[in-house]
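First the structure, in the form of structure tokens, and then the observations on it.
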Amino acid sequence: MSRVVIVGGGGAGDAAAFALRKRGFDGEIVILSADTDRPYDRPYLSKEFLRGEVDLPKVFLHEEADYIKERIDLRLESAVTGGSLQERTVTAKGGEVEFDFLVLGLGGTPRRPHGLPSADNLLTLRSLGDSQALRKSLGSSTRLLVIGAGFIGAEVAASARKLGKDVIAVEALGVPLQRALGTEVGEIYAEIHRSHGVDLRTGAMVEEWHVQGGRIVGVTLSDGTREEADLVLIGAGIEPNLDLPRQLGLPIEGGGVLVDQGLKAADNVYAGGDIAVHSHPILGRQVRVEHWEVAKGHGRGVAASIADGETPYTKLPYFWSDQYDVSLEYRGQASGDDTAAWRGDREALTFSVFYLRGGVVEGVLSMNDSKTNELGGKLIESRRKVNPSDLENLAFDIGEFVGSPSAG
């Protein structure tokens, strides 16, 4: 009987396990997770759970009984420390675990910028335990300092403002979310956060940390100003966990593990989620995306390749973010060199931006505009050339152009 060993209990690993059963795989499935909690829905951690709007049971992806019912051997607090592709084993708590198929859904570790002090009120957010600690600390704090205005930093800032906390956010780049969304959309998010009372400092860095009694009480910024705070969140992104893939001798490039169209890194070895650099069959290039929906999709794609034979994973990268009353969706993957075509009402925060390369749409970003985002995804998949001016014209029917129901 074949055994699939999944390293990592995040979105990719959990989705792979349950999708394997759904596809009829009848062998053994073992999940080796370093976490203390069974797999959970990570987007809750910076939003609804952090704000106390959902209780703990809703955060988990499955009940404990579901793992028993599906014969999924979930082993918590089982960090994998090594392995051998030649011997088909990985080393975890309790010894070596043999595998016929290996799935790596290792995720990432929050970056900690150089020079951070040791302080009880300096936190990061990655795990359920992190969110519980941040939630508790927010309850007894009045002024939150967020370092980094990427997705985690921006979402936590929004949640803290909803809770009535004073928030100062410090971002080294010119606008929040600049790396992910570009300067123009970042400027819109800067105004959104400022209009909701966030003291957003862009183009700024911490020059000095002020610590008293083992706690940070304030910082001096690069512009010379001193700001007080009684709680600090570091939201500086993640580093993909690549120690095990390197030890196993897997190909590393572009910040992750190179996988083919079917998410295979080596013979009977697959990778998904934050660590995977996927040769995407539709986009025609290698992409690595650090978002929850992508990780879950990769897990299902890995299951298809294991259960049904090598199967290209064709779903476009997709992610979303809710901040205040603004819902962002993004499909595909664009670059800073692409042509941007704006469609909709920027002032009303109901619009989409299409990113084109050689007349072909590579990505679409939508703010409070889900229908257009879905049609944008179909446009990306079609690989049809389109004029940017047509996309900007609201009279141009994208649905008719790609043969889908109209966005209205």
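Of note:
- Residue list for the range 185-223, restricted to those being of a type in the set (D, E, K, R) and either in a loop (DSSP other than H, G, I, E, B) or modelled with pLDDT under 95 (or both): D223
- Test for T225: is it in contact with an Asp or Glu (Cβ under 6 Å, 6 or more places away or on another chain) and outside the structural domain of N368 (by TED's automatic domain parsing): no
One line per residue, one yes/no per condition, for (1) surrounded by fewer than 16 Cβ atoms within 10 Å (Cβ to Cβ); (2) under 27 Å from Y330 (Cβ atoms):
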| site | (1), (2) |
| --- | --- |
| A172 | no, yes |
| Q178 | no, yes |
| T183 | yes, yes |
| E191 | yes, yes |
| G203 | yes, yes |
| W209 | no, no |
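- Filter result for L102 (touching a residue at least 60 places away in the same chain (Cβ under 8 Å) and assigned to a helix (DSSP H, G or I)): no
- Any chance H278 is in contact with a Leu (Cβ under 9 Å, 6 or more places away or on another chain), in a helix (DSSP H, G or I) and in the same structural domain as G11 (by TED's automatic domain parsing): no
A quick yes/no check of all residues on (1) modelled with pLDDT of 95 or more; (2) closer than 20 Å to Q178 by Cα; (3) aromatic (F, W, Y); (4) in the same structural domain as L50 (by TED's automatic domain parsing):
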{"residue": "H298", "(1), (2), (3), (4)": "yes, no, no, yes"}
{"residue": "T314", "(1), (2), (3), (4)": "yes, no, no, no"}
{"residue": "F351", "(1), (2), (3), (4)": "yes, yes, yes, no"}
{"residue": "V360", "(1), (2), (3), (4)": "yes, no, no, no"}
{"residue": "S366", "(1), (2), (3), (4)": "yes, yes, no, no"}
{"residue": "L375", "(1), (2), (3), (4)": "yes, no, no, no"}
{"residue": "L379", "(1), (2), (3), (4)": "yes, no, no, no"}
{"residue": "N387", "(1), (2), (3), (4)": "yes, no, no, no"}
{"residue": "G408", "(1), (2), (3), (4)": "no, no, no, no"}
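- No other residue among L20, L45, L50 is surrounded by 20 or more Cβ atoms within 10 Å (Cβ to Cβ) and either in a loop (DSSP other than H, G, I, E, B) or among the aromatic types (F, W, Y) (or both) apart from L50.
- Scanning the range 250-274 for residues that are farther than 22 Å from R111 by Cβ, in contact with a strand residue (DSSP E or B) (Cβ under 9 Å, 6 or more places away or on another chain) and not aliphatic (A, V, I, L, M) gives P251, D260, Q261, G262, K264, N268, Y270.
- In the range 316-336, residue surrounded by the most Cβ atoms within 10 Å (Cβ to Cβ) [restricted to those that are farther than 17 Å from Q178 by Cα and of a type in the set (F, W, Y)]: Y318
- Residues located in the range 23-40, provided they are surrounded by 16 or more Cβ atoms within 10 Å (Cβ to Cβ) and either β-branched (V, I, T) or without any contact (Cβ under 8 Å) to a residue 40 or more places away in the chain (or both): I29, V30, I31, R38, P39
- On the stretch given as the range 346-395, residues that are on the phi < 0 side of the Ramachandran plot, assigned to a loop (DSSP other than H, G, I, E, B) and surrounded by fewer than 18 Cβ atoms within 10 Å (Cβ to Cβ) total 8.
The values are calculated or read from the model by the stated rules, or taken from the named source; none is laboratory data. Every value quoted in this text rests on a predicted model; they were computed, and no experiment measured them. Counting neighbours? That spans all protein chains shown, and the Cβs are built from the backbone with ideal geometry, glycine included.
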